[in-house]
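The values are calculated or read from the model by the stated rules, or taken from the named source; none is laboratory data. Treat the numbers as computed from the prediction; the structure is a model and nothing was measured. Ideal geometry is used to build each Cβ from the backbone, glycine not excepted, and the neighbour counts take in all protein chains shown.
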Amino acid sequence: MKVRAFLLVICLAVLTACSQTTPSQPDPVGAYQVMVDWLYRTDDGLNAGRIFAIDTTQTGLPDPDRLFDALKNDPRYAQHELMNTTRAKLVKQGLISDDMGGFKDGFLIEFSSASITPDTVTAQASKWVSGLGAIFATLTVRWQDDAWVLGDVENFGIA
(Lines give C-alpha, C1' and ligand atoms only; values in the text may rest on other atoms or scores of the structure.)
Protein backbone atom coordinates (compact mmCIF):
# COMPACT_ATOMS: atom_id res chain seq x y z
CA MET A 1 0.00 0.00 0.00
CA LYS A 2 2.84 2.40 0.88
CA VAL A 3 4.58 1.56 -2.39
CA ARG A 4 1.45 2.39 -4.42
CA ALA A 5 1.01 5.68 -2.61
CA PHE A 6 4.68 6.49 -3.14
CA LEU A 7 4.45 5.67 -6.88
CA LEU A 8 1.29 7.76 -7.17
CA VAL A 9 3.03 10.73 -5.57
CA ILE A 10 6.02 10.33 -7.91
CA CYS A 11 3.73 10.13 -10.97
CA LEU A 12 1.87 13.26 -9.91
CA ALA A 13 5.14 15.09 -9.30
CA VAL A 14 6.47 14.10 -12.73
CA LEU A 15 3.23 15.14 -14.45
CA THR A 16 3.25 18.47 -12.66
CA ALA A 17 6.90 19.10 -13.52
CA CYS A 18 6.40 18.16 -17.17
CA SER A 19 3.22 20.08 -17.72
CA GLN A 20 3.75 23.40 -19.36
CA THR A 21 2.03 26.39 -17.95
CA THR A 22 0.49 28.40 -20.71
CA PRO A 23 0.83 32.14 -20.22
CA SER A 24 -2.27 34.22 -20.69
CA GLN A 25 -2.78 34.94 -24.36
CA PRO A 26 -4.27 38.30 -25.23
CA ASP A 27 -7.74 38.05 -26.77
CA PRO A 28 -8.60 41.25 -28.67
CA VAL A 29 -12.24 40.88 -27.56
CA GLY A 30 -11.00 41.92 -24.12
CA ALA A 31 -9.40 45.03 -25.60
CA TYR A 32 -12.73 46.03 -27.13
CA GLN A 33 -14.44 45.42 -23.79
CA VAL A 34 -12.04 47.98 -22.27
CA MET A 35 -12.93 50.44 -25.04
CA VAL A 36 -16.67 49.90 -24.55
CA ASP A 37 -16.26 50.42 -20.80
CA TRP A 38 -14.45 53.72 -21.40
CA LEU A 39 -17.11 54.89 -23.87
CA TYR A 40 -19.90 53.85 -21.52
CA ARG A 41 -18.42 55.68 -18.52
CA THR A 42 -17.53 58.82 -20.51
CA ASP A 43 -20.50 61.18 -20.56
CA ASP A 44 -22.79 58.65 -18.89
CA GLY A 45 -25.75 61.00 -19.45
CA LEU A 46 -25.84 59.56 -22.97
CA ASN A 47 -26.62 56.11 -21.50
CA ALA A 48 -30.18 56.99 -20.44
CA GLY A 49 -31.94 55.10 -23.22
CA ARG A 50 -33.37 51.62 -23.02
CA ILE A 51 -31.37 50.31 -26.01
CA PHE A 52 -27.59 49.84 -26.06
CA ALA A 53 -26.76 49.23 -29.73
CA ILE A 54 -23.27 48.27 -30.82
CA ASP A 55 -21.94 47.82 -34.33
CA THR A 56 -19.27 45.13 -34.13
CA THR A 57 -18.83 44.80 -37.92
CA GLN A 58 -15.88 47.23 -38.16
CA THR A 59 -13.86 45.91 -35.20
CA GLY A 60 -11.56 43.73 -37.29
CA LEU A 61 -12.27 40.80 -34.96
CA PRO A 62 -12.36 37.38 -36.64
CA ASP A 63 -15.66 36.67 -34.83
CA PRO A 64 -17.29 40.02 -33.92
CA ASP A 65 -20.25 38.24 -32.30
CA ARG A 66 -17.93 37.19 -29.45
CA LEU A 67 -17.69 40.85 -28.38
CA PHE A 68 -21.47 41.20 -28.39
CA ASP A 69 -21.83 37.99 -26.36
CA ALA A 70 -19.28 39.24 -23.81
CA LEU A 71 -21.19 42.51 -23.43
CA LYS A 72 -24.51 40.69 -23.03
CA ASN A 73 -23.00 38.75 -20.13
CA ASP A 74 -21.57 41.86 -18.45
CA PRO A 75 -23.77 43.00 -15.54
CA ARG A 76 -22.77 46.66 -16.11
CA TYR A 77 -25.06 46.76 -19.11
CA ALA A 78 -27.92 44.61 -17.77
CA GLN A 79 -30.36 47.54 -17.57
CA HIS A 80 -30.21 47.95 -21.36
CA GLU A 81 -31.57 45.91 -24.22
CA LEU A 82 -28.39 45.10 -26.17
CA MET A 83 -28.51 45.01 -29.96
CA ASN A 84 -25.72 44.05 -32.35
CA THR A 85 -26.66 46.18 -35.34
CA THR A 86 -25.57 48.93 -37.69
CA ARG A 87 -26.67 52.56 -37.91
CA ALA A 88 -28.35 51.83 -41.26
CA LYS A 89 -30.43 49.05 -39.71
CA LEU A 90 -31.43 51.32 -36.81
CA VAL A 91 -32.60 53.94 -39.33
CA LYS A 92 -34.54 51.27 -41.26
CA GLN A 93 -36.20 50.14 -37.99
CA GLY A 94 -37.18 53.72 -37.23
CA LEU A 95 -35.07 53.90 -34.07
CA ILE A 96 -32.86 56.62 -35.58
CA SER A 97 -34.59 59.26 -37.66
CA ASP A 98 -33.50 59.56 -41.30
CA ASP A 99 -32.37 63.13 -40.83
CA MET A 100 -30.01 61.98 -38.04
CA GLY A 101 -32.13 63.80 -35.50
CA GLY A 102 -31.25 61.25 -32.89
CA PHE A 103 -31.65 57.82 -31.40
CA LYS A 104 -35.18 57.69 -30.01
CA ASP A 105 -34.54 55.43 -27.01
CA GLY A 106 -30.89 54.52 -26.79
CA PHE A 107 -27.33 55.01 -27.90
CA LEU A 108 -25.01 53.47 -30.46
CA ILE A 109 -21.35 52.51 -30.07
CA GLU A 110 -19.40 52.22 -33.32
CA PHE A 111 -15.80 51.42 -34.25
CA SER A 112 -13.77 52.04 -37.39
CA SER A 113 -10.17 52.05 -38.63
CA ALA A 114 -9.27 49.15 -36.37
CA SER A 115 -5.69 47.94 -36.05
CA ILE A 116 -5.03 44.71 -34.16
CA THR A 117 -1.61 43.33 -33.26
CA PRO A 118 -0.92 40.60 -30.68
CA ASP A 119 -0.52 43.12 -27.85
CA THR A 120 -2.19 46.34 -29.06
CA VAL A 121 -5.61 47.26 -30.41
CA THR A 122 -6.35 50.74 -31.75
CA ALA A 123 -9.67 51.90 -33.13
CA GLN A 124 -11.67 55.04 -33.76
CA ALA A 125 -14.64 54.76 -31.44
CA SER A 126 -17.81 56.71 -30.82
CA LYS A 127 -20.90 56.72 -28.65
CA TRP A 128 -23.74 58.45 -30.45
CA VAL A 129 -27.22 59.58 -29.42
CA SER A 130 -27.61 62.57 -31.72
CA GLY A 131 -25.62 65.27 -33.50
CA LEU A 132 -25.45 67.14 -30.20
CA GLY A 133 -25.06 64.05 -28.04
CA ALA A 134 -21.95 62.18 -29.02
CA ILE A 135 -18.41 61.42 -27.97
CA PHE A 136 -15.60 60.14 -30.14
CA ALA A 137 -11.94 59.27 -29.75
CA THR A 138 -9.15 57.14 -31.09
CA LEU A 139 -8.46 54.56 -28.37
CA THR A 140 -5.41 52.36 -27.94
CA VAL A 141 -5.49 49.40 -25.56
CA ARG A 142 -2.31 47.47 -24.72
CA TRP A 143 -1.69 44.04 -23.20
CA GLN A 144 0.28 44.64 -19.99
CA ASP A 145 0.82 42.31 -17.03
CA ASP A 146 -1.71 39.77 -18.36
CA ALA A 147 -4.52 42.32 -18.79
CA TRP A 148 -5.77 44.80 -21.37
CA VAL A 149 -5.09 48.37 -20.24
CA LEU A 150 -6.36 51.57 -21.85
CA GLY A 151 -3.40 53.53 -23.12
CA ASP A 152 -3.66 56.50 -25.43
CA VAL A 153 -6.89 58.43 -25.91
CA GLU A 154 -6.42 60.73 -28.89
CA ASN A 155 -8.66 62.94 -31.00
CA PHE A 156 -11.17 63.07 -28.14
CA GLY A 157 -14.25 65.17 -28.69
CA ILE A 158 -17.73 65.75 -27.33
CA ALA A 159 -20.59 67.06 -29.44
### Message
Can you report the number of residues in the range 136-159 which are part of a strand (DSSP E or B) and surrounded by fewer than 20 Cβ atoms within 10 Å (Cβ to Cβ)?
### Response
16
### Query
Here are L82, L67, L108: which of them is farther than 15 Å from R50 by Cα, touching a Phe, Trp or Tyr at 6+ places or on another chain (Cβ under 6 Å) and touching a residue at least 24 places away in the same chain (Cβ under 8 Å)?
L67
### Matching option when the condition is under 23 Å from D27 (Cβ atoms) and not acidic (D, E), among T56, T42
T56
#### Entry: Number of the condition not met by S130 [criteria: (1) touching a Phe, Trp or Tyr at 6+ places or on another chain (Cβ under 9 Å); (2) at pLDDT 95 or above]
(2)
### Task
Given the conditions (1) surrounded by 16 or more Cβ atoms within 10 Å (Cβ to Cβ); (2) in contact with a Gly (Cβ under 9 Å, 6 or more places away or on another chain), report the number of the one that L61 does not fulfil.
(2)
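For residues that are among the hydrophobic types (A, V, I, L, M, F, W, C) and touching a strand residue (DSSP E or B) at 6+ places or on another chain (Cβ under 9 Å), scanning just the range 60-87, find the one that is farthest from G102 (Cα to Cα). First the steps, then the outcome.
Narrowing the range 60-87 to residues among the hydrophobic types (A, V, I, L, M, F, W, C): 61, 67-68, 70-71, 78, 82-83.
Applying the additional criterion that residues be touching a strand residue (DSSP E or B) at 6+ places or on another chain (Cβ under 9 Å) yields 61, 67-68, 71, 82-83.
Working: L61: 28, L67: 25, F68: 23, L71: 23, L82: 18, M83: 17 Å.
Per the stated criteria, the residue is L61.
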### Query
Would a scan of the range 91-108 turn up a residue that is basic (K, R) and modelled with pLDDT under 95?
yes
### Message
Could you check the range 56-76 and list, in sequence order, the residues that are closer than 23 Å to I116 by Cβ and in a helix (DSSP H, G or I)?
### Response
D65, R66, L67, F68, D69, A70, L71, K72
### Task
Of the conditions (1) part of a helix (DSSP H, G or I); (2) surrounded by 12 or more Cβ atoms within 10 Å (Cβ to Cβ), A88 clears all except one; give me its number.
(2)
